[in-house]
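Data first, discussion second: the structure below is written as structure tokens.
The values are calculated or read from the model by the stated rules, or taken from the named source; none is laboratory data. These numbers were taken from a predicted model, which means no experiment stands behind them. As a convention, Cβ positions derive from the backbone with ideal geometry for all residues, glycine included, and neighbour counts pool all protein chains shown.
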Protein chains: 2
Amino acid sequence: MNDEKEVTIYDIARELKLSASTVSRALKGNPIINYKTRQKVAECSEKLGYRTNAFASNLRRKKTNTIGVIVPRLDSHFLSSCLAGMEEVASTNGYNLIIAQSHESSKKEAENAVTMFNNRVDGLIVSLTAENNQPDYFRRFTEKHVPIVYFDRIPAKEDVTCVCANNFEAAYKATHHLIAKGCRRLLHITIPSASNVYADRCQGFEAAAKDAGCIASTLFLPALNMETGRDAANQIGKMSPRPEGIFVANDIAAAGCMLQLEELGIAVPNDILIIGFNNDPICMLVNPPLSSVSYCGRDAGMMAADRLFEMIDNYDFAFQKIIIDTSVIERESSLIKQ
Amino acid sequence: MNDEKEVTIYDIARELKLSASTVSRALKGNPIINYKTRQKVAECSEKLGYRTNAFASNLRRKKTNTIGVIVPRLDSHFLSSCLAGMEEVASTNGYNLIIAQSHESSKKEAENAVTMFNNRVDGLIVSLTAENNQPDYFRRFTEKHVPIVYFDRIPAKEDVTCVCANNFEAAYKATHHLIAKGCRRLLHITIPSASNVYADRCQGFEAAAKDAGCIASTLFLPALNMETGRDAANQIGKMSPRPEGIFVANDIAAAGCMLQLEELGIAVPNDILIIGFNNDPICMLVNPPLSSVSYCGRDAGMMAADRLFEMIDNYDFAFQKIIIDTSVIERESSLIKQ
DNA sequence: ATGAAAGCGCTAACAC
DNA sequence: GTGTTAGCGCTTTCAT
């Protein structure tokens with residue numbers, strides 16, 4: 001492909017009448033090499049336009065300095081914040097990130113896993129699809145002692161390292177918040193999913209309602225977005241009696257729902273209180289501002305990456321569950337009643 | 001590192017009493033190899049748990065099947081949509097994406113460029129920082145004939161391949177839209193930047209205002225986000241006479257500005273019309289819904305990746321400027337006057 | 001402090 | 001249709 005010959009350490013060695021090994025050591029700043037030699041090598045490499053060949057090095061060292069990331073999608077605020085955090089940590093540690101999206105398809109996720117595996121990533125960070133929370137295609141990584149950190153959407157089994165919120169508790173708090181504002185008839189809007197994220201939120205909601213002796217029901221949507229949020233509002237419009245407080249499993253759907261409720265003449269928060277999840281920036285843009293559960297993506301990403309590097313560097317595979325803080329952010333959408 | 005010996009093509013060869021080259025060919029489905037042999041190799045490789053070693057192959061082929069992407073940040077809706085589009089195209093073509101963020105710092109961008117270069121990416125997709133639109137650190141790529149596609153924030157010089165909107169025209173259209181709604185005193189809110197994105201939008205704005213004989217001024221903010229958008233609104237509140245139509249260079253700042261205007265008792269669109277840029281989903285969430293200029297990130301990402309693969313596959317380095325469609329999306333924030 | 005030599009796993013030119 | 005051979009560029013013993 002490339003016309004001009006690449007400069008190798010042999011070229012530098014020849015030029016300087018040294019051996020390749022000396023050059024190799026000098027280039028990595030190995031102090032065993034005479035300081036002057038190191039300087040000469042540095043100069044010469046600069047002069048010749050040398051660049052290290054990562055594969056040759058990888059091939060030799062059996063290490064890629066690359067970590068793989070598999071996420072359901074890239075274009076969500078939460079996930080891209082997570083990635084931003086991971087990228088920061090990775091680049092500080094001299095690692096690259098290779099990123100793939102599963103598009104919520106377990107099949108695509110398996111394919112991504114194979115690619116990552118063949119690319120010999122030194123570690124893997126994964127957020128699972130909503131479709132499958134006990135995939136078996138990551139087994140080969142653990143078999144080869146390639147560490148995996150799951151984040152946000154974690155597998156059902158216990159013997160993994162993961163970073164996530166305590167979704168049960170977070171949902172409990174969110175629901176409790178509605179109850180504290182005087183709501184007795186509660187509705188939870190979510191998707192049917194075995195994933196910890198949705199299942200735990202659902203259970204947290206039910207537990208909080210039960211503990212307070214409230215009437216709770218759950219509305220399952222095919223997906224959680226603006227559209228489906230609006231559909232949910234239309235259904236709520238027809239309910240009788242209507243719920244007094246709604247806890248939606250993500251902010252986008254909550255926002256869609258709220259907008260549509262307003263259009264139906266159902267006022268938030270006067271007629272219905274509503275709270276979302278994720279504390280997406282949109283919460284502060286909608287009117288009224290949307291209460292939500294805050295959960296910092298960038299931190300989650302950084303913690304996942306930090307833990308992964310610990311595992312890689314210390315060859316330490318102890319399973320660990322890292323819980324991210326969540327807190328209820330009260331805004332106008334849930335503030336009036338009391 | 002890894003305890004168990006990795007299985008190589010030699011192991012398969014030994015097992016099957018074949019040569020490594022035959023195995024290599026068989027594994028890539030080379031039709032010159034006997035069908036039965038291919039099958040046997042496939043079975044055996046499966047049985048032994050063989051996985052291809054990408055470095056060894058890369059080292060040999062001098063090709064990485066990896067493309068590098070450098071973006072200012074990951075956690076913006078527009079950019080993550082672009083990435084999603086690129087990832088789709090890349091993965092269809094059997095390529096991986098390695099992604100780095102410059103955090104709007106030219107220094108970090110240069111570092112990223114070095115990393116990508118050393119990792120021998122087969123091609124590069126870049127959106128520049130707002131800080132520097134004529135970086136020299138990508139020169140080494142072109143010198144080595146590694147194709148680069150710039151997107152969105154492109155360099156000042158002409159001899160590059162890029163994918164972007166015609167920001168001048170888009171801004172002209174947006175401004176003209178305000179004028180058509182009856183605005184005579186116009187304000188543009190942006191950041192000081194030599195980048196095509198902001199400079200061209202600014203010029204488009206000025207040209208449209210001038211062509212219509214309107215009074216135009218520009219407010220430069222230190223950044224374009226919710227906060228600074230609100231600051232802008234505070235400044236607008238003190239202006240006299242007040243502008244009648246505002247064109248903001250991105251939607252987040254536009255939304256922040258609009259919210260703050262409302263808080264100051266300045267009604268949108270009754271007192272002031274406003275239009276943003278990017279058609280971010282938040283446009284439909286704010287109240288009133290925000291007019292904007294639509295510009296599809298996913299398409300831009302896909303087009304950039306498509307063009308890059310063309311350059312890689314056909315060894316074709318003709319410079320090409322691909323213009324993405326933009327259109328003014330009229331929503332309530334600019335609809336009343338006429 | 002430096003060098004010689006072997007080998008990481010794969011591919012491709014060239015044989016047969 | 002299959003095998004032989006050499007080499008991609010680097011790192012790492014082991015010598016000296």
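Below is a table of values for the structure above.
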{"quantity": "Single residue of the stretch B:12-53 satisfying the filter (small (Gly, Ala, Ser) and away from DNA strand C (no atom under 11 Å from the Cβ)) that is nearest to the other protein chains (Cβ to nearest Cβ)", "calculated": "B:49"}
{"quantity": "Candidate set from the stretch A:255-274 (those that are more than 17 Å from residue A:217 (Cβ to Cβ) and touching an Asp or Glu at 6+ places or on another chain (Cβ under 9 Å)); member that is surrounded by the fewest Cβ atoms within 10 Å (Cβ to Cβ)", "calculated": "A:265"}
{"quantity": "All helices (runs of 4 or more DSSP H) inside the stretch B:192-281 with 1 or more residues being within 14 Å of chain A (Cβ to nearest Cβ) and basic (Lys, Arg)", "calculated": "B:226-238"}
{"quantity": "Close pairs (9 angstrom Cβ cut-off, 6 or more residues apart or separate chains): of a type in the set (Lys, Arg) in the stretch B:10-29, not in a helix (DSSP H, G or I) anywhere", "calculated": "B:25/B:32; B:25/B:33"}
{"quantity": "1 or more residues charged (D, E, K, R) and within 30 Å of residue A:114 (Cβ to Cβ): qualifying helices (runs of 4 or more DSSP H) within the stretch A:1-79", "calculated": "A:54-61"}
{"quantity": "Residue B:49 more than 30 Å from residue A:317 (Cα to Cα) and either more than 16 Å from DNA strand D (Cβ to nearest atom) or under 36 Å from the mean Cα position of the chain (by Cα) (or both)", "calculated": "no"}
{"quantity": "Condition broken by residue B:252, with the remaining ones in (1) loosely packed, with under 15 Cβ neighbours inside 10 Å; (2) within 30 Å of residue A:260 (Cα to Cα) satisfied", "calculated": "(1)"}
{"quantity": "Among (1) modelled with pLDDT under 95; (2) out of contact with any Asp or Glu (no Cβ under 7 Å at 6 or more places or on another chain) - the single one residue B:161 does not satisfy", "calculated": "(1)"}
{"quantity": "The listed residue being within 30 Å of residue A:165 (Cα to Cα) and either away from DNA strand D (no atom under 11 Å from the Cβ) or touching a helix residue (DSSP H, G or I) at 6+ places or on another chain (Cβ under 8 Å) (or both), out of A:65, A:58, A:34", "calculated": "A:65"}
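To keep it simple, each residue is scored yes or no on (1) among the polar types (S, T, N, Q); (2) facing another protein chain (nearest Cβ under 8 Å); (3) more than 22 Å from residue B:84 (Cβ to Cβ).
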site: A:59; (1), (2), (3): no, yes, yes
site: A:83; (1), (2), (3): no, yes, no
site: A:96; (1), (2), (3): yes, yes, no
site: A:114; (1), (2), (3): no, no, no
site: A:125; (1), (2), (3): no, no, no
site: A:138; (1), (2), (3): no, no, yes
site: A:158; (1), (2), (3): no, no, yes
site: A:162; (1), (2), (3): no, no, yes
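For (1) small (Gly, Ala, Ser); (2) in the same structural domain as residue B:273 (by TED's automatic domain parsing); (3) within 22 Å of residue B:164 (Cα to Cα), each residue gets a yes or a no:
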site: B:200; (1), (2), (3): no, yes, yes
site: B:205; (1), (2), (3): no, yes, yes
site: B:220; (1), (2), (3): no, yes, no
site: B:223; (1), (2), (3): yes, yes, yes
site: B:239; (1), (2), (3): no, yes, no
site: B:245; (1), (2), (3): yes, yes, no
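This table checks each residue for (1) surrounded by 17 or more Cβ atoms within 10 Å (Cβ to Cβ); (2) in contact with a Phe, Trp or Tyr (Cβ under 6 Å, 6 or more places away or on another chain); (3) of a type in the set (Lys, Arg).
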{"residue": "A:32", "(1), (2), (3)": "no, no, no"}
{"residue": "A:44", "(1), (2), (3)": "yes, no, no"}
{"residue": "A:56", "(1), (2), (3)": "no, no, no"}
{"residue": "A:63", "(1), (2), (3)": "no, no, yes"}
{"residue": "A:66", "(1), (2), (3)": "yes, no, no"}
{"residue": "A:71", "(1), (2), (3)": "yes, no, no"}
{"residue": "A:74", "(1), (2), (3)": "yes, no, no"}
{"residue": "A:83", "(1), (2), (3)": "yes, no, no"}
{"residue": "A:91", "(1), (2), (3)": "yes, no, no"}
